[in-house]
Structure formats: structure tokens, C-alpha cells
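**Q** Handing you this structure, nothing more for now.
All of the numbers you see were taken from the coordinates with simple rules; none came from a lab. For clarity, every value in this text was computed on a predicted model and none was experimentally measured. In this analysis, Cβ positions are derived from the backbone assuming ideal geometry, glycine residues included, and neighbour counts consider all displayed protein chains.
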Amino acid sequence: MNHANNYGIDCGTTNWRIFQFNGSDPSQVPQPLSLTIFDSARHCLPTALLLDENQKILACGERAYEEITNYDLYKSANLFDAFKLCFGNDQTVEASDPNKRYTHQEALSHTGKLLSKVVERLQEEKPNCLATNNQFIFTHPVHWGITKSNGEIEGKILGDFALTIQGYFPENLHNNIRFLPEPEAALLSLLQTKQLQQLTNGYTLIVDIGGGTTDVVAGQLTSGGLEDIRYFGKGYGGNHFDEAIAQYIAIQFELNESQQLSLDRQLRYYGRKFKENLSQQARINYNQAVNFQVLLADPTEKNVLRRPISLTCTEFEQIVTKGKEYLHDSLLVALEKMQLTPENIGQIILVGGGARLFIVPNILREMFGNSVPIIYGDPPESTVARGAALWGMPKQLLNIPLLSKPKKEGDEYAKIARENLRQQKYQQAIEGFTEVIQENPTNVPAYFNRGQARYQKGDIQGAINDWSQVVTMNPNDAYASYQLGVALLQQEDYQAAVMNFNQALSLNPQLADAYLERGIAKYYLGQQEQAIKDFNQAINISPGIAKNRLQDLKNPLKNMGSFLFNQGKKKRLEGLVQTLEYLLGYKEPKTPIDSFLDLIQTKLPQEPEVISVMTYKAVVEFFVTERPSFPEIQKGAILRQKYPKKQGLFVVYQVFLDGKSELVCRQDNGIPFGRKVLVKNFDEELSDSFQNKDLLIFE
């Protein structure tokens, strides 16, 4: 059957993309299809769903992220995204693990719901799209399974994915739905754009350099298509050059090891900025320097460190010498694993954002010489969907055999280690992932998974080391930054934790867990108002996550009599639990000062003076005579509590507040201005002012 239209659909973790191709007219080229629910500028649909409590779709795509902030309208809604990561997850759901956030069945269900909106819009905006002479080609990761030549599917994940997809199409179209490995789709796109030129001899090498990974595909292009296909992946990308520049900047600031650790995120930010700008500058004027005023907010210092730094392309190449050598050696290893040599390569295609780094073609020239052409490919984000739309072109024009599943480095070790991790055999998992890392020191998933195993086993520092490595290799991994923040929070390194949560949220603004954990870190830092904002944001995105975390926080309070708990930690934890309970609606509304009670008790530890009678007049005079000369002070507050050690006494706290009812503290030590006293009784005017409450605010 000649198909009128091919729809290539790439169901990515972050975005879905569709390309349309007129299959009856091979002279045409695939075009991006942008439905009204898509981001029209980027021709993609963010992989996100906003569902109500009955699982009804309220919004999808970018609008799901926007509408979740409308708390009044969507306060019972939940946001679901990145569900592709959870295909194959048959373990208990863990909100903190992106690969276990949903069960396999939930991931399938969410995929189906999003597909239902796509099919609905296709029918509305593309009349006759479901005609029986149209074909739909969905791409998938190779490890999900394969489709045999007879149409039979091997692999449970791919089989379940196929059944889900078919369920949203009429039965008479099921034979028109195809499933294609993602690497094969990319190759189809490159061939159709004639970037893969037929060679009299030699292999075509496709190098995909991302932020943290480099993938290499090689094959011989003949009149029959790309044959003898070979594949290799390496966990090394552009972020390693960011790290080298970050170290250079640290030297210019004369930072010690501790400062470098605390400022690591900011340093690598500027490393990336220099790398990107120098790559642009190299194409214009190689000798022209790039200048930045570098600002570093050191949490251990009161002031911001600042210094102008200048770099030329020549200096950049000198600084990243080791990185260049490593990338060079990694590509040689890739050739060796694929049983090829530089002499076997006839042409090179560069794809991926990292391929734009100006030193990459120089490295390739050193390896392959000047006679091998280096060609930049299509934008990588579109290549897979574009290639999928080409599936089924006339054989004489385009014929590429199916890829066999590539043999990956350490694949057997990794498979066993992942199984041990799922079965909570953490020591065996650690040993397995260590084997993988020894064989491939830049295997990012192995570091991440070993960090998970170490964290679950109680080796928090080991987890921090592994997740720090992941963040270094791939600074765009929001979940690695989040996990690193969680581990730092566990070690009570609150400032470092906040920095990592900030990074995670800059990459994924809908990561409810990161808002929640950042709120906890800020709460312990005494930044209660900011903490409450984070808690509310987390609750707006996913109340269920906040409720589960609240229960986790309550559990230690049951053991608060043990030697592990000091009274200060107990009070802070109780205050945190009370705050979350109130925000989740478990408690009656409290005044702002109640959220700060644990801080007041901790920060005003001096022995209280005893007052027989506290008068209203004396309280007012205190806020006048003792008022510090700080412009932010707008109010005073008096809080009373029954004294637990002796009946008939009250503990009274008198503190100063700003316009937002935040405690005003001394800048030198963070202790609130105010005092703590013991009171036997109150005069009539003061007692009447409390009106059965325990808090008074004086404007």
C-alpha cells in the first residue's frame, strides 16, 4: 500500500515531536508538525500532564506547567511529567527517584493520556489523518525491544508500549503503526538530507557530542543503504571543559579547597559561559579575548567576591589540554570497540550541542587527518522524529537495515547491578556498578546508580561523591543535582544543599521534591518565610509528595527520647512538622510568629529573668526603648507559653519583626533581637489583650 502521509512521532522524556512526510511524493521533505497544544517556536509538546483528582486531563504540555501555579483553580490537581523514565519500573514508587516516580503501568497510562490529546488535535487540525492510507511511526530506545521483519515484537517494555499506542487508534489502523529504534531514525534523517555520502571505501562516522555523553555510530554506506552498523557510547561531553575553566577561575581568585567546593556550582556556570562564548568568538576572531566580570557569592563570607577575568581561545586550549586528550582517547577507544581504525573512516558527521565546541573539529583533524570531510548534521533535537517520518520510503531511494541491539560497555555488569539495586541488595549493587565504572570511568548512569545504592546503605558521603561526579559530567541533569542536594541536606550542609536544589529547579521548575527539600534546608537556616514559599510551591505541584515527606519527618519524633536527638534538634523538627501540617490544612491557621517558635527557643537560650507581674505598659515601653536602630524593624511581637517545669509560670518571648512578620536578627550572629522572661502573672490590660490567644503583635 502506498501511504499518503507518514507521521514520525518521537515520544521523548522531556518533549514530544512530530514530523509529517508525504509518503507518496519522495521529492518532498519531512516537515515539523506543530499542533495548537505544541510550543510553536520549538515545534514540540512538553511531556507533561495536569490531572484532577479523578485523573481527568486539565491541561497538557507547557500549559500544564503554567496552570499548576494557579492554586485557586487547580488546588486539587497534580502534575505528571517525564514518565518515559519509568517504563519497566515494577518496584515501589519512590518520588525522589525519577526512574521510580511512577510504576510501569502508570507511565503507560500517562503516555496514553498525552497521546489521546495529540490524536484528538490531529483529528481536529489535520482532517483525514486517520485515513487507512496513513502511517504512524513511533520511536523507542533500543533496549526496550525489537520489531522483527514479520511484525512480531520482542521485549516486554516495547510490547506494552505498542499496546498502549494502538489503544488510542482505530483497530483498522493497527497495522499502519510501526515502532522504530531511535538510532535508526536518526540515521534515516541524515541519509535523506544527503549528509551521508556514498563512499568508494571507508566507514561513515556519526559523532553525537552532548553535555555529558558522546555517542558514536559507524557504518558503510552503499547503494543498498548503511551496512555493517556499529555503535558505541561514552559518558564524556562538553561539561568536562566547563570544569577545567572553573578550576582556572578558582586559581585566579586564590580560593582554597573548601571555597572551591562551596562555590563549585557558580564556578562551573562561568566555565560554561566562557566555553560557549569562546566557541562563538573562534568563528569570528580567534585572537579576540572574551571578558566576564565574575561574581561569586561565597556562603562562608559576608561579601560577594568579584574579579574581571579574560580568556582567549589559545588560553582556553591550554587550560583544557587534558580534556582534549581525554576526548581524543575516548574516540580512539570507541573505534577500538567497534573494531575500526582512523584509516577506516571516510567521512564524519557531527551532531549534538557539544559538537559546536571549536576544539572538536581540531581533535578530529588530529585523529583522521585533513582529507576526511567533517560535516555538521541537522539540529539533534529534531533528527529522530524527522527520520521516523521517512520510514517506508521507496527502497531504491532509502534502504537502511534495522540496527541490532548494540553491545554496551559493561552491559552485563550493569544489568546485574541494576537488578541487585531493585532487590535492595545494596552491597552487591555497589560492587557491580564499581565494576562498570572501572571498565568505563565516564559511565554517568553507573555513578548515579551507585550513589543510590550507597545512600540507601547509609554511606551518605559516598553518595555525595558519586552524585557530584554525575553533576560534573552532566550539569544539565536536574535529578542528579536534586539527589546531591538531598544527601547534603542529610549531612546538615544546608547552604550547599540549597545551591544544588537551586540548580535542579533552574533545569526543571516543576520538580516538586526539590522545592520541598529546599524549603526544609531554608527552614533550618532560619529563612522561614522563604521556606514557606517553597513548601507552598511543592504542595501546589504535588500535594501527595508533601504529605509523604511530612510522614517521613514525623517518624523520628517517635524516637526523640533516644540519644540521637538533642533538644534543639527536636524543637526544630517539631516546628518544621507543625509548619507543614498547617500548610497542608491539618491544623488550624497560625500566626506567622508560630512558625518561628523553634528558632526563637533555640536562638534565645539565655537564662530568663523572672518577673512577678508583666504589665501592658511595660511591654509597650520595651518595644520603644529597646527598639534597635534598624529600618527593617516595623513591628514587635510578644509570645507566651506555659512554663513546663513549674505550674503557674509563663515563658514570654519579646522579639522584633519586619513588615513581612519575619524575625529581625543581628547580622553578626543571626540571633534575634529581643528577650526571654519568666512571668508569674499579667496585669488585667495585658491579659485582656491576649483574648485567649498566645500572641500579640504591636505595630
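**Q** Label residue 530 and residue 318 with points 7 Å out from Cα along Cα→Cβ: what is the distance between them in nm?
**A** Here the modelled spin labels are 3.9 nm apart.
**Q** Are any of the pairs 56/571; 117/533; 148/337; 113/425; 84/457 more than 30 Å apart by Cα-Cα distance, and if so, which?
**A** Correct reply: 56/571; 117/533; 113/425.
**Q** Can you figure out the FRET efficiency of residue 431 with residue 660, using R₀ = 35 Å and their beta-carbon distance, to the nearest 0.05?
**A** The value I calculate is 0.10.
**Q** Compute the length gained on full extension between residue 366 and residue 675: take 0.36 nm times their separation in residues and subtract their Cα-Cα distance, giving the result in nm to one decimal.
**A** Net length gain for the segment: 104.1 nm.
**Q** With r as the distance between the Cβ atoms of residue 4 and residue 31 and R0 = 25 Å, compute the FRET efficiency 1/(1 + (r/R0)^6) and round to 0.05.
**A** Values: r = 14 Å, r/R0 = 0.58.
According to the calculation, E is roughly 0.95.
**Q** Next question, about the same structure. Given a Förster distance of 41 angstrom, what is the FRET efficiency for residue 174 paired with residue 412, based on the Cβ-Cβ distance and rounded to 0.05? Intermediate values should be presented prior to the final figure.
**A** Numbers: r = 36 Å, r/R0 = 0.87.
Working from the Cβ atoms, E equals 0.70.
**Q** Cut-off 11 Å, label point 7 angstrom out along Cα-to-Cβ of residue 690: give me the residues of the range 618-640 whose amide nitrogen falls inside.
**A** 639-640
**Q** Let me ask something additional. Output ³J(HN,Hα) for the range 128-140: one whole-Hz value per residue in order, computed from phi by the Karplus curve 6.51 cos²θ - 1.76 cosθ + 1.60 with θ = phi - 60°, and x for Gly and Pro.
**A** The phi angles translate into 6, 5, 9, 5, 6, 9, 9, 10, 10, 10, 9, 8, 7 Hz.
**Q** Pairs of Cα atoms under 8 Å, at least six residues apart: use those to get the relative contact order of the range 408-473, whole percent.
**A** Details: 81 pairs, mean separation 18.1, N = 66.
Computed value for the range 408-473: 27 percent relative contact order.
**Q** To continue, here is another question. Would you work out if the range 408-473 is rounded, prolate or oblate? Take a ≥ b ≥ c from the square roots of the eigenvalues of the alpha-carbon gyration tensor; rounded if a/c is under 1.5, else prolate when a/b is larger than b/c, oblate otherwise.
**A** Numbers: a/c = 2.14, a/b = 1.05, b/c = 2.04.
Oblate is the answer for the range 408-473, as a/c is 1.5 or above yet b/c matches or exceeds a/b.
**Q** Report the label-to-label distance for residue 424 and residue 252 in nanometres (one decimal), using points 7 Å from each Cα along the Cα→Cβ vector.
**A** Between residue 424 and residue 252, the simple spin-label model gives 5.1 nm.
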